[in-house]
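**Student:** Would you mind keeping the following structure in view while I ask a few things?
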Amino acid sequence: MLLLRSRAAFALALSLTLLGGQRVAEAQTAVGVVAGKVTDRGTKGPLADVQVQVVGTVRGGRTGADGSYRVTGVPVGTYTVRAIRLGFTQGVATVTVTAGGTATADFALGAAATNLDQITISATGEQQRKREIGASISRIDSGAFNAATVANFSQVLAARTPGIVVQQGAGTSGVGSRIRLRGVTSINLSNDPLLVIDGVFANNSVGNLTFGIGGAQASRFDDINPEDIEDIQVIKGPAATALYGTGAANGVIQITTKRGKAGRTRWNAYGELGQQSTLLDLDQAGSSQYGTPLSGDALRLVNYRQIGRNAAGQRVACSREAQVLRTCVTPDTLYRNSPFLNDSPFRDGGNESYGLSASGGGQDVQFYFAADIEQDRGIFAPNNLGRRNLRANVTANLLPSLQTVVNVGYLNSTSTFPQNDNLFAGTLSAGLLGGAFDCRPDTRTAIAECNAGNDSLSRGYVSANVPVRQYFVQQFNQNIQRLVLANTLNWTPSTWLKGTLRTGADVLRRDDNTLTPPNQVF
């Protein structure tokens, strides 16, 4: 009896499963089409690039050049269709979709001179009007910086929204800036804002060099390609911690990358060339002169040394020791010399950048693909920066009620840094601390040799017998490989219910290399 009941229960369950699967299949095939045309109410002509959305579903489309649109895969039922375009009134229509049928909804939009509410994207991915959100949010649109020349993401943030302080770390290529949204909030913890890229918590480290190059640091903020950014939102208020947790105590920078739009494939190519050079007048700073002081930038590049005569009438260098011992009795000549002119560490640098992107798609799948190559050559001989960026963003409507958004970004970066800034062994520091002509501190009679330009001497740099090329033969390299993945699933089972699932990862590989060749460096 027990066996018969078990078999009967199994047969009943199997029948219900097959019946349920058949009904699901029927429900999935019970779809129709919403189509129509959008025109200008004043001119009666077609309107292109009008966003048409079937309210309560993930289905939507965009009108073409002839003003027509077509939205496929709409489940059977009665819906509200909305047509929106900037500068025109909103169009609304109600349609009933039947299985295999086509519901028609035409719109005639009139010009509108009203101000539109700013739309922000919250931590949950929802779009809300700015005035309905309690947090202090500033928005930077891509149109605000794409028209300008920006070298990195830090320059995008600078002076474009109140409350953001961007402090440039150094003039070296590849060195990042310090970004502060709410000032300094901690003495020993990080004060950097939280970075969110397409809903994924991303690496925002600034101090990430194993070796020391004088206090300057690279920044992971600048790994982001400004050309791929669609929208930036900066959250500065206390409500940021309610949305993102305690990690947002220093504020949040939320980045949304570009996505494709339904329609013909749009291609965009760009190129940039530039040159970098020092503005200091080294010729003026290095000319010989007697007793006449300089001022401004030239003065900071000049080393002075006084020549006097001792009691026997012989010319001697008036060092500090000589002045204390009063062996230098009568001042005779004031020599000045610029080490940067004798053995200059500067060169003409430059930067070049090239990029190509494509976006488009149909009603079910939209895409955005982009590639960027950047090469930066600093004004110091060993300073170089090379970046390669790849991005692929795809939006697909898997089912009438299910949409997925996949964002993939890849970076390959190589940076070469010089010893500089606040470093005693740095090139600029050694030049500023050097003597006017006393190339060998232990020899006070080397005036003639220095004036003759003996290459075996340091020619004014602080370390004896060290030409500039020995500073540059040392290598300080950082190689970065970074992959940022984000996936968002939007499920809309009903017009009054919507669910969002977001997953992602930020994978970073960093290699820091230091090389000091043997028998080539002091």
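The values are calculated or read from the model by the stated rules, or taken from the named source; none is laboratory data. Fair warning: this is a prediction, and the values are worked out from it, not measured in the lab. Please note: Cβ atoms are built from the backbone with ideal geometry, for glycine as well, and neighbour counts cover all protein chains shown. Note: areas computed on protein heavy atoms with side chains; ligands, DNA, RNA excluded. Shrake-Rupley method; radii C 1.70, N 1.55, O 1.52, S 1.80 Å.
**Student:** Considering only residues that are of a type in the set (D, E, K, R), assigned to a strand (DSSP E or B), touching a Gly at 6+ places or on another chain (Cβ under 6 Å) and open to solvent by 20 Å² or more (accessible area, probe 1.4 Å), which ones fall in segment 372-421?
**Tutor:** Correct list: R377, R391.
**Student:** Could you count how many residues in segment 471-522 are in contact (Cβ under 8 Å) with a residue 24 or more places away in the chain and not in a loop (DSSP other than H, G, I, E, B)?
**Tutor:** The number of residues fulfilling the criteria is 36.
**Student:** Considering every residue within segment 85-107, establish whether at least one is polar (S, T, N, Q), outside any strand (DSSP E or B) and closer than 18 Å to P400 by Cβ.
**Tutor:** yes
**Student:** Another question, if that's okay. May I ask you to say which residue of D49, D40 is out of contact with any Ser or Thr (no Cβ under 9 Å at 6 or more places or on another chain) and under 15 Å from G91 (Cα atoms)?
**Tutor:** Only one candidate passes the filter, namely D40.
**Student:** Conditions first: (1) closer than 19 Å to G349 by Cα; (2) modelled with pLDDT under 75. L457 passes all but one, so which condition is the exception?
**Tutor:** Unmet condition: (1).
**Student:** Give me the residue from segment 48-70 that is part of a loop (DSSP other than H, G, I, E, B) and of a type in the set (D, E, K, R) and, out of that set, modelled with the highest pLDDT.
**Tutor:** D66
**Student:** Sticking with this one: Kindly indicate whether S353 is modelled with pLDDT under 95 and open to solvent by 20 Å² or more (accessible area, probe 1.4 Å).
**Tutor:** Taking the combined requirement at face value, the residue does not satisfy it.
**Student:** For V166, all conditions in the list (1) closer than 25 Å to S413 by Cβ; (2) more than 16 Å from the chain's Cα centre (by Cα) hold save one; what is the number of the exception?
**Tutor:** (2)
**Student:** Next up: Against the definition (at positive phi and modelled with pLDDT under 90), how does G73 come out, yes or no?
**Tutor:** Here the answer is yes, as G73 does meet what is asked.
**Student:** May I pose another question? Of everything in segment 181-202, what is open to solvent by 40 Å² or more (accessible area, probe 1.4 Å) and in a strand (DSSP E or B)? Give them in sequence order.
**Tutor:** Once the filter is applied, which keeps residues that are open to solvent by 40 Å² or more (accessible area, probe 1.4 Å) and in a strand (DSSP E or B), segment 181-202 yields only F201.
**Student:** Here is a further query. Taking only segment 161-180 into account, find how many residues are more than 24 Å from L485 (Cβ to Cβ) and assigned to a loop (DSSP other than H, G, I, E, B).
**Tutor:** Selection size over segment 161-180: 11.
**Student:** Could you grab me the full set of residues in segment 59-72 that are open to solvent by less than 20 Å² (accessible area, probe 1.4 Å) and not hydroxyl-bearing (S, T, Y)?
**Tutor:** Hits for segment 59-72 are R59, G60, G61, G67, V71.
**Student:** Something else about it: For N250, work out the one condition from (1) assigned to a loop (DSSP other than H, G, I, E, B); (2) surrounded by fewer than 19 Cβ atoms within 10 Å (Cβ to Cβ) it doesn't fulfil.
**Tutor:** Against the list (1) assigned to a loop (DSSP other than H, G, I, E, B); (2) surrounded by fewer than 19 Cβ atoms within 10 Å (Cβ to Cβ), N250 comes up short only on (2).
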